[in-house]
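Below: the structure, in structure tokens.
The values are calculated or read from the model by the stated rules, or taken from the named source; none is laboratory data. None of the values given here were measured: they were computed from a predicted structure. Glycine gets a Cβ as well: all are built from the backbone with ideal geometry, and neighbour counts include every protein chain shown. Protein only, heavy atoms only, side chains kept; ligands, DNA and RNA dropped before computing areas. Shrake-Rupley method; radii C 1.70, N 1.55, O 1.52, S 1.80 Å.
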Amino acid sequence: MSEVLNHEQIKKKITRMAYEIYERNLNSKAVVFAGISGMGETLADLLATELRAISPLTIEQTEIILDKAHIATEEVRLSHEIDLQGKTLILVDDVLNTGKTLVYAMKPFLDEELYKMEIAVLVNRSHGLFPIRPDYTGFELSTTLNEHIKVDFSGDNYFVYLH
């Protein structure tokens, strides 16, 4: 297992992503972060915290609850109901691999009248099987399909590993 990003590098990438989100959403009624259960939800929390520190935007959050192991057969739901009318929704996950998880994560929002939907990921592996491209990316990493990325936001030290 080799380290790809350390704590300081991850913090800088999150700060840069938050500034990009702010710049692209100056005219938004509100920004709603929807983090995919697990590391996606943690990344959404970190991005929302950083955005609150640098901008006056109205920021809301919800969690997308799904079972990645049974994504096609299990229900995709939100941790709580949220008014999305006219707001910018940012789907957040730690790693974008094939795009399948993000496609299924969109299900609860398909009938909503959003201002726009965007995607934020910490690591983009660019193995797209689905036509999903992130709007905000912390790090682009070319890998083989046999390699795996592990994002660790536990404790006070964050890391991204390749194994």
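Data overview
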{"item": "In the range 87-98, the residues that are free of Cβ contacts under 8 Å to residues at least 60 places away in the same chain and buried (at least 19 other Cβ atoms within 10 Å of the Cβ)", "result": "LYS87, LEU89, LEU91, VAL92, ASP93, ASP94, VAL95, LEU96, ASN97"}
{"item": "Subset tally (residues that are surrounded by fewer than 17 Cβ atoms within 10 Å (Cβ to Cβ), acidic (Asp, Glu) and assigned to a strand (DSSP E or B)) for the range 58-78", "result": "1"}
{"item": "Residue match in the range 79-86 (condition: in contact with a Ser or Thr (Cβ under 7 Å, 6 or more places away or on another chain) and loosely packed, with under 14 Cβ neighbours inside 10 Å)", "result": "yes"}
{"item": "Single match in TYR115, TYR161, TYR136 (criterion: under 30 Å from LYS29 (Cα atoms) and open to solvent by 30 Å² or more (accessible area, probe 1.4 Å))", "result": "TYR115"}
{"item": "Which listed residue is out of contact with any Gly (no Cβ under 9 Å at 6 or more places or on another chain) and either of a type outside the set (Ser, Thr, Tyr) or at positive phi (or both), from GLY86, GLY99", "result": "GLY86"}
{"item": "Failed condition for ASN124, given (1) buried (at least 21 other Cβ atoms within 10 Å of the Cβ); (2) in contact (Cβ under 8 Å) with a residue 40 or more places away in the chain", "result": "(2)"}
{"item": "Among residues of the range 139-158, those that are open to solvent by less than 60 Å² (accessible area, probe 1.4 Å) and either assigned to a strand (DSSP E or B) or of a type in the set (A, V, I, L, M) (or both), counted", "result": "5"}
{"item": "Verdict on LEU51 being in contact (Cβ under 8 Å) with a residue 40 or more places away in the chain, in contact with a helix residue (DSSP H, G or I) (Cβ under 7 Å, 6 or more places away or on another chain), closer than 25 Å to ARG133 by Cβ and surrounded by 13 or more Cβ atoms within 10 Å (Cβ to Cβ)", "result": "no"}
{"item": "Residue list for the range 1-27, filter: within 30 Å of TYR115 (Cβ to Cβ) and aliphatic (A, V, I, L, M)", "result": "ILE10, ILE14, MET17, ALA18, ILE21, LEU26"}
{"item": "Residues located in the range 37-48, provided they are open to solvent by 20 Å² or more (accessible area, probe 1.4 Å), in contact with an Asp or Glu (Cβ under 6 Å, 6 or more places away or on another chain) and touching a residue at least 60 places away in the same chain (Cβ under 8 Å)", "result": "MET39"}
